[in-house]
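Note sheet for the following structure.
The values are calculated or read from the model by the stated rules, or taken from the named source; none is laboratory data. All values derive from a computational prediction rather than experimental measurement. Every residue, glycine among them, receives a Cβ derived from its backbone with ideal geometry; neighbour counts consider all protein chains shown.
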Amino acid sequence: MQLLRDRRENVDVLTLRGSVRAEDNSALAECLNGLREERRFRLVIDATDLEYINSRGIGEVVRFLQEARPRGGTVVLVRPRQPIEKIMKAVGLHSLVQVFDTLDEAVAACEA
Amino acid sequence: MPSTGDVLITAGVGHEGLARELAAALSGRGLNVHTAEDRALPTEPVDVIVCFVDSGRSDLASKLGDALHEDLAKAVVVVSPAPLEGGPPEDAAVLRADPAWGPEALARLTEAALEIAREREGRKSAERRLAEIARVRESLDESLGAIVSHDLRTPVTTLRLLKDLLASHLSARADVLTKNERVSTDELLGIMGRSLDRMDAFIEDMLAAWRVSPGVPEDAAGPVDLNGVVEDIVAGLFPVAMQKDIVLDLATDPGAGLVLADSRRAGQVVSNLVGNALKFTPRGGSVTVSTRPAVPDDWADEDRADEDRAGEDGKGAVLEVADTGPGIADEDRAKVFERFGLGKARATGGEPSTGLGLYICREIVELYGGRIWFESAPGKGARFFVFLPGHSED
(Lines give C-alpha, C1' and ligand atoms only; values in the text may rest on other atoms or scores of the structure.)
Protein backbone atom coordinates (compact mmCIF):
# COMPACT_ATOMS: atom_id res chain seq x y z
CA MET A 1 0.00 0.00 0.00
CA GLN A 2 1.08 3.53 -0.69
CA LEU A 3 -0.32 6.21 1.62
CA LEU A 4 0.08 9.90 0.82
CA ARG A 5 -1.22 12.75 2.96
CA ASP A 6 -1.81 16.17 1.45
CA ARG A 7 -2.62 18.81 4.06
CA ARG A 8 -4.69 21.66 2.72
CA GLU A 9 -6.11 24.62 4.58
CA ASN A 10 -9.14 23.01 6.26
CA VAL A 11 -9.13 19.62 4.62
CA ASP A 12 -6.75 16.67 4.51
CA VAL A 13 -6.50 14.50 1.42
CA LEU A 14 -5.43 10.92 2.02
CA THR A 15 -4.46 9.08 -1.17
CA LEU A 16 -4.45 5.29 -0.85
CA ARG A 17 -2.90 3.26 -3.65
CA GLY A 18 -2.74 -0.52 -3.92
CA SER A 19 -4.35 -2.60 -1.19
CA VAL A 20 -4.77 -2.10 2.55
CA ARG A 21 -3.98 -5.50 4.02
CA ALA A 22 -2.96 -6.74 7.45
CA GLU A 23 0.58 -5.42 7.12
CA ASP A 24 -0.75 -1.96 6.19
CA ASN A 25 -3.36 -1.53 8.91
CA SER A 26 -1.03 0.05 11.46
CA ALA A 27 0.16 2.69 8.97
CA LEU A 28 -3.42 3.72 8.19
CA ALA A 29 -4.35 3.73 11.88
CA GLU A 30 -1.31 5.87 12.68
CA CYS A 31 -2.23 8.36 10.01
CA LEU A 32 -5.81 8.70 11.25
CA ASN A 33 -4.59 8.96 14.86
CA GLY A 34 -2.38 11.82 13.78
CA LEU A 35 -5.40 13.65 12.36
CA ARG A 36 -7.28 13.08 15.61
CA GLU A 37 -4.46 14.49 17.68
CA GLU A 38 -4.33 17.57 15.47
CA ARG A 39 -8.14 17.90 15.75
CA ARG A 40 -8.49 17.76 12.00
CA PHE A 41 -11.70 15.97 11.06
CA ARG A 42 -12.40 16.97 7.45
CA LEU A 43 -10.99 14.15 5.38
CA VAL A 44 -11.03 13.30 1.66
CA ILE A 45 -9.96 9.74 0.85
CA ASP A 46 -8.82 9.43 -2.77
CA ALA A 47 -9.62 5.80 -3.57
CA THR A 48 -9.05 6.10 -7.34
CA ASP A 49 -6.12 3.65 -7.19
CA LEU A 50 -7.25 1.68 -4.16
CA GLU A 51 -7.78 -1.96 -5.14
CA TYR A 52 -8.83 -3.38 -1.79
CA ILE A 53 -9.19 -2.46 1.87
CA ASN A 54 -9.58 -5.10 4.56
CA SER A 55 -12.12 -5.21 7.38
CA ARG A 56 -9.82 -3.55 9.88
CA GLY A 57 -9.07 -0.75 7.45
CA ILE A 58 -12.76 -0.14 6.84
CA GLY A 59 -13.29 -0.28 10.59
CA GLU A 60 -10.70 2.47 11.08
CA VAL A 61 -12.43 4.68 8.51
CA VAL A 62 -15.85 4.05 10.08
CA ARG A 63 -14.50 4.88 13.54
CA PHE A 64 -12.92 8.10 12.26
CA LEU A 65 -16.21 9.10 10.64
CA GLN A 66 -18.12 8.43 13.87
CA GLU A 67 -15.72 10.72 15.76
CA ALA A 68 -15.67 13.36 13.05
CA ARG A 69 -19.39 13.98 12.74
CA PRO A 70 -20.08 15.23 16.28
CA ARG A 71 -17.14 17.61 15.81
CA GLY A 72 -18.55 19.06 12.61
CA GLY A 73 -16.24 16.99 10.45
CA THR A 74 -16.86 14.50 7.63
CA VAL A 75 -15.24 11.90 5.40
CA VAL A 76 -15.79 11.79 1.63
CA LEU A 77 -14.51 9.46 -1.05
CA VAL A 78 -13.17 9.92 -4.55
CA ARG A 79 -13.94 7.29 -7.22
CA PRO A 80 -13.84 4.04 -5.24
CA ARG A 81 -13.45 0.97 -7.47
CA GLN A 82 -15.99 -1.86 -7.68
CA PRO A 83 -14.58 -4.06 -4.87
CA ILE A 84 -14.50 -1.04 -2.52
CA GLU A 85 -18.07 -0.06 -3.46
CA LYS A 86 -19.23 -3.60 -2.72
CA ILE A 87 -17.60 -3.44 0.70
CA MET A 88 -19.07 -0.02 1.41
CA LYS A 89 -22.56 -1.26 0.58
CA ALA A 90 -22.09 -4.38 2.71
CA VAL A 91 -21.17 -2.36 5.81
CA GLY A 92 -23.67 0.42 5.16
CA LEU A 93 -21.01 3.02 4.52
CA HIS A 94 -22.45 4.06 1.15
CA SER A 95 -25.31 5.82 2.88
CA LEU A 96 -22.99 7.65 5.29
CA VAL A 97 -20.16 8.74 3.04
CA GLN A 98 -20.51 10.93 -0.04
CA VAL A 99 -18.71 9.81 -3.18
CA PHE A 100 -17.35 12.17 -5.86
CA ASP A 101 -15.88 11.66 -9.30
CA THR A 102 -13.07 14.20 -8.95
CA LEU A 103 -10.75 15.26 -6.21
CA ASP A 104 -11.67 18.94 -6.61
CA GLU A 105 -15.36 18.26 -6.13
CA ALA A 106 -14.62 16.16 -3.07
CA VAL A 107 -12.41 18.83 -1.51
CA ALA A 108 -14.98 21.54 -2.21
CA ALA A 109 -17.74 19.48 -0.58
CA CYS A 110 -15.57 18.80 2.44
CA GLU A 111 -14.74 22.45 2.95
CA ALA A 112 -18.34 23.55 2.72
CA MET B 1 -37.65 -81.89 17.24
CA PRO B 2 -38.30 -78.90 14.93
CA SER B 3 -36.42 -79.05 11.65
CA THR B 4 -33.42 -76.74 11.30
CA GLY B 5 -33.15 -77.18 7.54
CA ASP B 6 -34.39 -79.04 4.48
CA VAL B 7 -31.98 -81.44 2.75
CA LEU B 8 -32.57 -83.39 -0.43
CA ILE B 9 -30.32 -86.42 -1.04
CA THR B 10 -30.20 -87.76 -4.56
CA ALA B 11 -28.32 -90.95 -5.27
CA GLY B 12 -28.11 -93.24 -8.25
CA VAL B 13 -27.30 -96.93 -8.51
CA GLY B 14 -24.38 -97.95 -6.32
CA HIS B 15 -24.79 -95.12 -3.87
CA GLU B 16 -28.05 -96.05 -2.19
CA GLY B 17 -26.44 -97.55 0.91
CA LEU B 18 -24.27 -94.54 1.71
CA ALA B 19 -27.15 -92.22 0.92
CA ARG B 20 -29.39 -94.04 3.45
CA GLU B 21 -26.67 -93.84 6.12
CA LEU B 22 -26.25 -90.14 5.48
CA ALA B 23 -30.01 -89.61 5.66
CA ALA B 24 -30.12 -91.36 9.02
CA ALA B 25 -27.23 -89.31 10.37
CA LEU B 26 -28.85 -86.05 9.25
CA SER B 27 -32.26 -86.97 10.60
CA GLY B 28 -30.64 -87.64 13.94
CA ARG B 29 -29.47 -84.03 13.88
CA GLY B 30 -33.00 -82.73 13.52
CA LEU B 31 -32.88 -81.98 9.81
CA ASN B 32 -35.76 -82.56 7.44
CA VAL B 33 -34.35 -85.07 4.95
CA HIS B 34 -35.87 -86.09 1.60
CA THR B 35 -34.46 -88.64 -0.76
CA ALA B 36 -34.88 -88.89 -4.51
CA GLU B 37 -33.57 -90.92 -7.34
CA ASP B 38 -30.55 -89.90 -9.30
CA ARG B 39 -31.00 -86.94 -11.68
CA ALA B 40 -33.99 -85.75 -9.75
CA LEU B 41 -33.81 -82.15 -8.83
CA PRO B 42 -36.17 -80.61 -6.29
CA THR B 43 -39.51 -79.27 -7.43
CA GLU B 44 -39.90 -77.34 -4.19
CA PRO B 45 -37.12 -75.23 -2.72
CA VAL B 46 -34.78 -76.91 -0.25
CA ASP B 47 -31.83 -75.59 1.67
CA VAL B 48 -29.19 -78.11 0.56
CA ILE B 49 -28.96 -80.77 -2.17
CA VAL B 50 -26.56 -83.63 -1.50
CA CYS B 51 -25.89 -85.24 -4.83
CA PHE B 52 -24.10 -88.63 -5.10
CA VAL B 53 -22.63 -88.95 -8.57
CA ASP B 54 -20.11 -90.86 -10.57
CA SER B 55 -17.51 -88.79 -12.34
CA GLY B 56 -18.20 -88.12 -15.97
CA ARG B 57 -21.63 -86.56 -15.36
CA SER B 58 -20.96 -83.31 -17.10
CA ASP B 59 -24.70 -82.64 -17.51
CA LEU B 60 -25.14 -82.67 -13.77
CA ALA B 61 -22.88 -79.64 -13.27
CA SER B 62 -25.18 -77.43 -15.29
CA LYS B 63 -28.31 -78.88 -13.61
CA LEU B 64 -26.93 -78.11 -10.18
CA GLY B 65 -26.02 -74.60 -11.32
CA ASP B 66 -29.59 -74.15 -12.55
CA ALA B 67 -30.97 -75.31 -9.20
CA LEU B 68 -28.92 -72.67 -7.43
CA HIS B 69 -29.83 -69.87 -9.81
CA GLU B 70 -33.51 -70.72 -9.68
CA ASP B 71 -33.38 -70.75 -5.89
CA LEU B 72 -34.48 -74.38 -5.74
CA ALA B 73 -31.48 -74.88 -3.48
CA LYS B 74 -29.25 -72.49 -1.56
CA ALA B 75 -26.19 -74.80 -1.37
CA VAL B 76 -25.05 -78.05 -3.00
CA VAL B 77 -22.80 -80.88 -1.81
CA VAL B 78 -21.46 -82.98 -4.69
CA VAL B 79 -20.29 -86.41 -3.45
CA SER B 80 -18.10 -87.87 -6.12
CA PRO B 81 -14.92 -89.98 -6.12
CA ALA B 82 -13.44 -87.68 -8.77
CA PRO B 83 -14.07 -84.14 -10.02
CA LEU B 84 -17.05 -83.76 -12.35
CA GLU B 85 -16.35 -83.40 -16.02
CA GLY B 86 -16.81 -79.79 -16.82
CA GLY B 87 -16.25 -79.03 -13.15
CA PRO B 88 -18.90 -78.15 -10.58
CA PRO B 89 -20.89 -74.97 -11.09
CA GLU B 90 -18.73 -71.95 -10.28
CA ASP B 91 -20.33 -70.84 -7.09
CA ALA B 92 -19.29 -70.43 -3.51
CA ALA B 93 -22.36 -72.47 -2.51
CA VAL B 94 -21.02 -75.75 -3.97
CA LEU B 95 -18.94 -78.10 -1.81
CA ARG B 96 -17.28 -81.30 -3.08
CA ALA B 97 -16.90 -84.40 -0.97
CA ASP B 98 -15.51 -87.91 -1.45
CA PRO B 99 -17.81 -90.88 -0.64
CA ALA B 100 -14.83 -92.53 1.04
CA TRP B 101 -15.16 -90.02 3.93
CA GLY B 102 -18.11 -91.95 5.28
CA PRO B 103 -21.56 -90.82 6.50
CA GLU B 104 -20.47 -88.90 9.63
CA ALA B 105 -18.03 -86.68 7.74
CA LEU B 106 -20.57 -86.22 4.97
CA ALA B 107 -23.16 -85.24 7.58
CA ARG B 108 -20.82 -82.62 9.05
CA LEU B 109 -20.12 -81.26 5.59
CA THR B 110 -23.86 -81.10 4.90
CA GLU B 111 -24.30 -79.06 8.09
CA ALA B 112 -21.56 -76.71 6.86
CA ALA B 113 -23.47 -76.38 3.60
CA LEU B 114 -26.58 -75.50 5.61
CA GLU B 115 -24.67 -72.64 7.25
CA ILE B 116 -23.73 -71.40 3.81
CA ALA B 117 -27.36 -71.68 2.76
CA ARG B 118 -28.50 -69.63 5.76
CA GLU B 119 -25.87 -66.99 5.10
CA ARG B 120 -26.98 -66.70 1.45
CA GLU B 121 -30.58 -66.36 2.51
CA GLY B 122 -29.66 -63.76 5.08
CA ARG B 123 -27.70 -61.79 2.50
CA LYS B 124 -30.57 -61.85 0.02
CA SER B 125 -32.96 -60.75 2.71
CA ALA B 126 -30.64 -57.88 3.63
CA GLU B 127 -30.37 -56.88 -0.04
CA ARG B 128 -34.15 -56.81 -0.31
CA ARG B 129 -34.37 -54.67 2.83
CA LEU B 130 -31.69 -52.29 1.55
CA ALA B 131 -33.50 -51.95 -1.77
CA GLU B 132 -36.70 -51.13 0.10
CA ILE B 133 -34.88 -48.59 2.28
CA ALA B 134 -33.37 -47.00 -0.83
CA ARG B 135 -36.85 -46.73 -2.38
CA VAL B 136 -38.25 -45.16 0.76
CA ARG B 137 -35.29 -42.79 1.03
CA GLU B 138 -35.65 -41.75 -2.60
CA SER B 139 -39.27 -41.02 -1.99
CA LEU B 140 -38.42 -39.07 1.17
CA ASP B 141 -35.65 -37.13 -0.54
CA GLU B 142 -38.04 -35.97 -3.21
CA SER B 143 -40.43 -34.63 -0.68
CA LEU B 144 -37.88 -33.45 1.87
CA GLY B 145 -37.39 -30.13 0.16
CA ALA B 146 -41.10 -29.47 0.22
CA ILE B 147 -41.41 -30.68 3.79
CA VAL B 148 -38.53 -28.56 5.07
CA SER B 149 -39.47 -25.58 3.00
CA HIS B 150 -43.07 -25.45 4.13
CA ASP B 151 -43.57 -27.47 7.26
CA LEU B 152 -40.47 -26.31 9.11
CA ARG B 153 -39.96 -22.82 7.76
CA THR B 154 -43.56 -21.70 8.16
CA PRO B 155 -43.76 -22.19 11.94
CA VAL B 156 -40.34 -20.58 12.39
CA THR B 157 -41.44 -17.57 10.37
CA THR B 158 -44.64 -17.36 12.40
CA LEU B 159 -42.74 -17.53 15.66
CA ARG B 160 -40.41 -14.78 14.53
CA LEU B 161 -43.35 -12.53 13.61
CA LEU B 162 -44.98 -13.18 16.97
CA LYS B 163 -41.72 -12.44 18.77
CA ASP B 164 -41.39 -9.13 16.93
CA LEU B 165 -45.03 -8.32 17.69
CA LEU B 166 -44.50 -9.07 21.34
CA ALA B 167 -41.40 -6.91 21.40
CA SER B 168 -43.37 -4.11 19.81
CA HIS B 169 -46.18 -4.39 22.38
CA LEU B 170 -43.73 -4.44 25.25
CA SER B 171 -41.90 -1.46 23.88
CA ALA B 172 -45.18 0.48 23.66
CA ARG B 173 -45.92 -0.40 27.29
CA ALA B 174 -42.37 0.15 28.53
CA ASP B 175 -43.57 2.89 30.87
CA VAL B 176 -45.55 0.45 33.02
CA LEU B 177 -42.66 -1.98 33.41
CA THR B 178 -40.04 -1.64 36.07
CA LYS B 179 -36.41 -1.41 35.00
CA ASN B 180 -35.77 -5.00 36.06
CA GLU B 181 -38.82 -6.19 34.12
CA ARG B 182 -37.63 -4.38 31.01
CA VAL B 183 -34.20 -5.95 31.32
CA SER B 184 -35.72 -9.40 31.83
CA THR B 185 -38.08 -9.16 28.88
CA ASP B 186 -35.25 -7.88 26.66
CA GLU B 187 -33.16 -10.85 27.68
CA LEU B 188 -35.97 -13.29 27.04
CA LEU B 189 -36.70 -11.80 23.65
CA GLY B 190 -33.00 -12.01 22.86
CA ILE B 191 -32.94 -15.71 23.74
CA MET B 192 -36.00 -16.31 21.57
CA GLY B 193 -34.40 -14.45 18.68
CA ARG B 194 -31.15 -16.41 18.91
CA SER B 195 -33.01 -19.71 19.09
CA LEU B 196 -34.96 -18.80 15.99
CA ASP B 197 -31.70 -17.81 14.26
CA ARG B 198 -30.29 -21.26 15.05
CA MET B 199 -33.37 -22.96 13.67
CA ASP B 200 -33.21 -20.83 10.53
CA ALA B 201 -29.54 -21.68 10.04
CA PHE B 202 -30.24 -25.39 10.49
CA ILE B 203 -33.15 -25.34 8.03
CA GLU B 204 -31.04 -23.51 5.44
CA ASP B 205 -28.22 -26.01 5.84
CA MET B 206 -30.60 -28.96 5.58
CA LEU B 207 -32.07 -27.54 2.39
CA ALA B 208 -28.61 -26.85 1.00
CA ALA B 209 -27.52 -30.42 1.81
CA TRP B 210 -30.68 -31.78 0.20
CA ARG B 211 -30.08 -29.76 -2.94
CA VAL B 212 -26.71 -31.40 -3.49
CA SER B 213 -28.02 -34.91 -2.80
CA PRO B 214 -27.99 -37.51 -5.59
CA GLY B 215 -31.20 -37.47 -7.55
CA VAL B 216 -31.84 -33.76 -7.07
CA PRO B 217 -31.61 -31.93 -10.40
CA GLU B 218 -28.25 -30.18 -10.72
CA ASP B 219 -27.86 -26.61 -11.80
CA ALA B 220 -26.14 -26.46 -15.16
CA ALA B 221 -22.41 -25.83 -14.89
CA GLY B 222 -21.08 -22.94 -16.88
CA PRO B 223 -18.31 -20.35 -16.83
CA VAL B 224 -18.03 -18.62 -13.48
CA ASP B 225 -15.76 -15.72 -12.61
CA LEU B 226 -14.37 -17.12 -9.37
CA ASN B 227 -12.73 -13.84 -8.33
CA GLY B 228 -16.01 -11.98 -8.79
CA VAL B 229 -17.89 -14.50 -6.69
CA VAL B 230 -15.22 -14.37 -3.97
CA GLU B 231 -15.23 -10.55 -3.87
CA ASP B 232 -19.01 -10.48 -3.49
CA ILE B 233 -19.08 -13.04 -0.71
CA VAL B 234 -16.12 -11.55 1.19
CA ALA B 235 -17.63 -8.05 0.99
CA GLY B 236 -20.88 -9.42 2.40
CA LEU B 237 -19.03 -10.91 5.36
CA PHE B 238 -17.26 -7.68 6.29
CA PRO B 239 -19.85 -6.77 8.95
CA VAL B 240 -19.26 -10.13 10.68
CA ALA B 241 -15.50 -9.63 10.61
CA MET B 242 -15.76 -6.08 11.91
CA GLN B 243 -18.14 -7.07 14.68
CA LYS B 244 -15.69 -9.74 15.85
CA ASP B 245 -12.60 -7.52 15.26
CA ILE B 246 -11.17 -10.08 12.84
CA VAL B 247 -8.98 -8.91 9.98
CA LEU B 248 -10.59 -10.23 6.79
CA ASP B 249 -8.12 -10.00 3.93
CA LEU B 250 -8.58 -10.80 0.26
CA ALA B 251 -6.00 -11.37 -2.46
CA THR B 252 -7.35 -12.49 -5.83
CA ASP B 253 -5.14 -13.48 -8.72
CA PRO B 254 -6.47 -12.40 -12.13
CA GLY B 255 -4.94 -15.61 -13.49
CA ALA B 256 -7.58 -17.64 -11.66
CA GLY B 257 -9.87 -16.98 -14.59
CA LEU B 258 -13.15 -18.76 -15.25
CA VAL B 259 -14.07 -22.03 -13.57
CA LEU B 260 -16.66 -24.60 -14.48
CA ALA B 261 -19.46 -24.39 -11.91
CA ASP B 262 -22.79 -22.83 -11.09
CA SER B 263 -22.25 -19.34 -9.68
CA ARG B 264 -24.83 -19.71 -6.90
CA ARG B 265 -23.31 -22.94 -5.68
CA ALA B 266 -19.78 -21.63 -6.02
CA GLY B 267 -20.87 -18.71 -3.86
CA GLN B 268 -22.26 -21.15 -1.34
CA VAL B 269 -18.87 -22.88 -1.09
CA VAL B 270 -17.05 -19.58 -0.58
CA SER B 271 -19.63 -18.39 1.94
CA ASN B 272 -19.47 -21.61 3.95
CA LEU B 273 -15.67 -21.68 4.05
CA VAL B 274 -15.18 -18.01 4.91
CA GLY B 275 -18.14 -18.02 7.27
CA ASN B 276 -16.70 -21.04 9.06
CA ALA B 277 -13.31 -19.40 9.36
CA LEU B 278 -14.87 -16.28 10.88
CA LYS B 279 -17.00 -18.39 13.19
CA PHE B 280 -14.09 -20.24 14.76
CA THR B 281 -11.46 -17.49 14.79
CA PRO B 282 -11.18 -15.56 18.04
CA ARG B 283 -11.34 -11.78 18.31
CA GLY B 284 -8.24 -10.07 17.01
CA GLY B 285 -7.45 -12.96 14.69
CA SER B 286 -7.36 -13.00 10.91
CA VAL B 287 -8.93 -14.75 7.95
CA THR B 288 -7.21 -14.50 4.57
CA VAL B 289 -8.99 -15.46 1.37
CA SER B 290 -7.04 -15.86 -1.86
CA THR B 291 -7.32 -17.30 -5.33
CA ARG B 292 -4.67 -18.47 -7.77
CA PRO B 293 -4.38 -20.51 -10.95
CA ALA B 294 -4.26 -24.25 -10.29
CA VAL B 295 -1.14 -26.37 -10.71
CA PRO B 296 -1.17 -30.14 -11.41
CA ASP B 297 -0.71 -31.06 -7.75
CA ASP B 298 -4.02 -29.36 -6.99
CA TRP B 299 -6.16 -31.76 -8.97
CA ALA B 300 -4.19 -34.95 -8.57
CA ASP B 301 -4.88 -37.17 -5.64
CA GLU B 302 -4.40 -40.85 -5.00
CA ASP B 303 -8.05 -41.71 -5.52
CA ARG B 304 -8.57 -39.84 -8.76
CA ALA B 305 -7.43 -40.03 -12.33
CA ASP B 306 -5.36 -36.91 -12.75
CA GLU B 307 -5.79 -35.15 -16.07
CA ASP B 308 -9.38 -36.35 -16.36
CA ARG B 309 -10.30 -34.06 -13.48
CA ALA B 310 -8.39 -31.04 -14.65
CA GLY B 311 -11.08 -29.35 -16.69
CA GLU B 312 -11.44 -29.04 -20.40
CA ASP B 313 -8.04 -27.52 -21.00
CA GLY B 314 -6.21 -28.90 -18.00
CA LYS B 315 -6.50 -25.62 -16.07
CA GLY B 316 -8.50 -24.47 -13.13
CA ALA B 317 -8.36 -22.29 -10.06
CA VAL B 318 -7.75 -22.75 -6.39
CA LEU B 319 -9.48 -20.90 -3.59
CA GLU B 320 -7.70 -20.81 -0.25
CA VAL B 321 -9.21 -19.73 3.08
CA ALA B 322 -6.71 -19.50 5.93
CA ASP B 323 -7.55 -18.60 9.52
CA THR B 324 -5.82 -18.14 12.86
CA GLY B 325 -8.41 -20.16 14.75
CA PRO B 326 -7.79 -23.13 17.05
CA GLY B 327 -7.01 -25.56 14.22
CA ILE B 328 -8.59 -28.97 13.78
CA ALA B 329 -8.12 -31.57 16.49
CA ASP B 330 -6.53 -34.85 15.39
CA GLU B 331 -9.62 -36.85 16.34
CA ASP B 332 -11.82 -34.56 14.20
CA ARG B 333 -9.81 -34.71 10.98
CA ALA B 334 -11.61 -37.73 9.54
CA LYS B 335 -15.08 -36.22 9.94
CA VAL B 336 -14.42 -32.67 8.74
CA PHE B 337 -16.37 -33.18 5.51
CA GLU B 338 -18.92 -35.65 6.90
CA ARG B 339 -22.59 -34.85 7.36
CA PHE B 340 -23.15 -33.45 10.87
CA GLY B 341 -19.40 -33.79 11.47
CA LEU B 342 -19.16 -31.33 14.36
CA GLY B 343 -15.69 -31.19 15.84
CA LYS B 344 -14.44 -30.07 19.23
CA ALA B 345 -14.00 -26.43 18.25
CA ARG B 346 -16.77 -24.05 19.29
CA ALA B 347 -17.90 -20.86 17.58
CA THR B 348 -16.17 -17.92 19.25
CA GLY B 349 -19.24 -15.68 19.04
CA GLY B 350 -21.89 -18.22 20.00
CA GLU B 351 -22.98 -18.65 16.37
CA PRO B 352 -25.07 -21.75 15.56
CA SER B 353 -23.28 -24.71 13.97
CA THR B 354 -25.07 -27.56 12.24
CA GLY B 355 -22.12 -29.62 11.06
CA LEU B 356 -23.41 -29.48 7.45
CA GLY B 357 -21.43 -26.53 6.03
CA LEU B 358 -18.26 -28.38 5.02
CA TYR B 359 -20.23 -31.45 3.92
CA ILE B 360 -22.19 -29.17 1.56
CA CYS B 361 -18.91 -27.67 0.29
CA ARG B 362 -17.51 -31.09 -0.51
CA GLU B 363 -20.68 -32.24 -2.26
CA ILE B 364 -20.81 -29.10 -4.42
CA VAL B 365 -17.11 -29.11 -5.27
CA GLU B 366 -17.12 -32.79 -6.25
CA LEU B 367 -20.30 -32.27 -8.27
CA TYR B 368 -18.28 -30.05 -10.61
CA GLY B 369 -15.25 -32.33 -10.74
CA GLY B 370 -13.29 -30.36 -8.18
CA ARG B 371 -11.45 -31.22 -5.00
CA ILE B 372 -11.46 -29.87 -1.45
CA TRP B 373 -8.87 -30.48 1.23
CA PHE B 374 -7.31 -28.81 4.27
CA GLU B 375 -4.11 -28.39 6.22
CA SER B 376 -4.27 -27.80 9.94
CA ALA B 377 -2.69 -28.59 13.28
CA PRO B 378 -4.16 -27.96 16.72
CA GLY B 379 -3.41 -24.42 17.84
CA LYS B 380 -2.12 -23.42 14.40
CA GLY B 381 -5.23 -22.39 12.52
CA ALA B 382 -6.50 -24.03 9.37
CA ARG B 383 -6.15 -23.62 5.63
CA PHE B 384 -8.90 -24.91 3.38
CA PHE B 385 -8.32 -25.36 -0.34
CA VAL B 386 -10.79 -25.79 -3.16
CA PHE B 387 -9.77 -26.72 -6.69
CA LEU B 388 -12.36 -26.15 -9.45
CA PRO B 389 -11.72 -27.15 -13.06
CA GLY B 390 -11.27 -24.34 -15.54
CA HIS B 391 -13.76 -23.43 -18.23
CA SER B 392 -12.52 -23.02 -21.75
CA GLU B 393 -13.95 -20.13 -23.74
CA ASP B 394 -13.75 -22.11 -27.00
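Residues in segment A:70-80 that are surrounded by fewer than 14 Cβ atoms within 10 Å (Cβ to Cβ) and touching a residue at least 12 places away in the same chain (Cβ under 8 Å) were compared, and the one that is nearest to A:V99 (Cα to Cα) is A:G72.
For segment B:312-343, give me each residue that is modelled with pLDDT under 65 and in contact with a helix residue (DSSP H, G or I) (Cβ under 8 Å, 6 or more places away or on another chain). Walk me through how you get there before you give the answer.
Kept after step one, since they are modelled with pLDDT under 65, are these residues of segment B:312-343: B:312-314.
B:G314, the sole residue that qualifies.
Being surrounded by 17 or more Cβ atoms within 10 Å (Cβ to Cβ) and either within 14 Å of chain B (Cβ to nearest Cβ) or free of Cβ contacts under 8 Å to residues at least 40 places away in the same chain (or both) is a description that applies to A:V61. Considered as a group, the residues in segment A:20-43 that are in contact (Cβ under 8 Å) with a residue 24 or more places away in the chain and closer than 17 Å to B:A251 by Cβ include one that is surrounded by the fewest Cβ atoms within 10 Å (Cβ to Cβ), and that residue is A:A22.
Within segment A:42-87, restricting attention to residues that are within 26 Å of B:V289 (Cβ to Cβ) and polar (S, T, N, Q), the residue that is nearest to the chain's Cα centre (by Cα) is A:T48.
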